[in-house]
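Structure record follows, encoded as structure tokens.
The values are calculated or read from the model by the stated rules, or taken from the named source; none is laboratory data. Everything quoted here is computed from the prediction, not taken from an experiment. No Cβ is skipped: glycine too gets one built from the backbone with ideal geometry, and neighbour counts run over all protein chains shown. Surface areas here come from the heavy atoms of the whole protein model, side chains and all, with no ligands, DNA or RNA. Shrake-Rupley method; radii C 1.70, N 1.55, O 1.52, S 1.80 Å.
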Amino acid sequence: MYQLFEQERKIMEIIWNAEKPCLISDILHIDPSLSRNTVAKALVALEKKGFLKVDSIRRTVTRTGRAYVPAVTRKEYELQKKFMNSISQNHSLKRNTLNLCSTLLQTDMVDEEFVNELENIIKDYKKRKE
């Protein structure tokens with residue numbers, strides 16, 4: 001996951017707060033200070049970064065466009081940001097690894113298989129140390 005630039009964060013906040021998939025026109029309606037070109041470029045960048053996905057193609061009065069929904073929740077982004085900040089501020093590999101595991105376990109990014117594999121790694125380590 002990547003860091004968000006200021007304009008990207010502003011657009012993601014609008015989309016995270018929306019109750020429906022957002023077109024460019026929806027975003028511009030909520031924040032008229034943004035330009036259409038800025039929003040269009042940011043949406044492409046956010047999709048490439050994995051923050052957004054296209055939900056559908058919708059028609060407005062004047063255009064047909066992609067309607068976007070978040071691919072990452074605000075909480076997932078904040079947890080990832082916290083983890084990335086801890087890496088940049090604390091160069092301890094052990095601490096960073098624990099932070100990564102803690103962050104992953106607080107999200108929906110892992111499944112039962114991941115947890116089982118993590119438990120097996122710890123069990124194997126303990127057996128080797130006995």
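Using square roots of five times the C-alpha gyration tensor eigenvalues, list the equivalent-ellipsoid semi-axes of region 9-59 in whole Å, biggest first.
15, 13, 11
Rg/Rh for the chain to two decimals, with Rh computed the Kirkwood way over all alpha-carbon pairs.
When Rh is taken as the Kirkwood radius, the ratio is 1.13.
Once label points are set 7 Å from the Cα along Cα→Cβ at both Lys53 and Glu119, what is their separation, rounded to one decimal in nm?
Roughly 2.8 nm, to one decimal.
With each run of n ≥ 4 DSSP H residues scored as -39500 (n - 2.57), what mean residue ellipticity at 222 nm is computed for the chain after dividing by its residue count and rounding to the nearest 500 deg cm²/dmol?
The per-residue figure over the chain is -19500 deg cm²/dmol.
In what sequence, largest accessible area first, do Phe83, Phe51, Phe114, Phe5 appear using a 1.4 Å probe?
The residues order as Phe5, Phe114, Phe83, Phe51, largest area first.
Distance in nm between label sites at Arg128 and Leu105, each 7 Å beyond Cα in the beta-carbon direction?
It is 2.0 nm.
Taking a 21 Å limit on the Cα-Cα distance, which of the listed pairs Lys94/Lys126; Lys53/Lys82; Lys20/Lys82; Lys94/Lys123 fall beyond it?
Lys53/Lys82; Lys20/Lys82
In nm, give the distance between the simple-model label positions of His29 and Lys75, each being 7 Å from the Cα along the Cα-to-Cβ direction.
Modelled inter-label distance: 2.9 nm.
Considering only the other residues whose Cβ falls under 9 Å of the Cβ of Arg66, what net charge follows from Lys and Arg at +1 and Asp and Glu at -1?
-1
Between the alpha-carbon centers of region 70-92 and region 6-46, tell me the distance in whole angstrom.
22 Å
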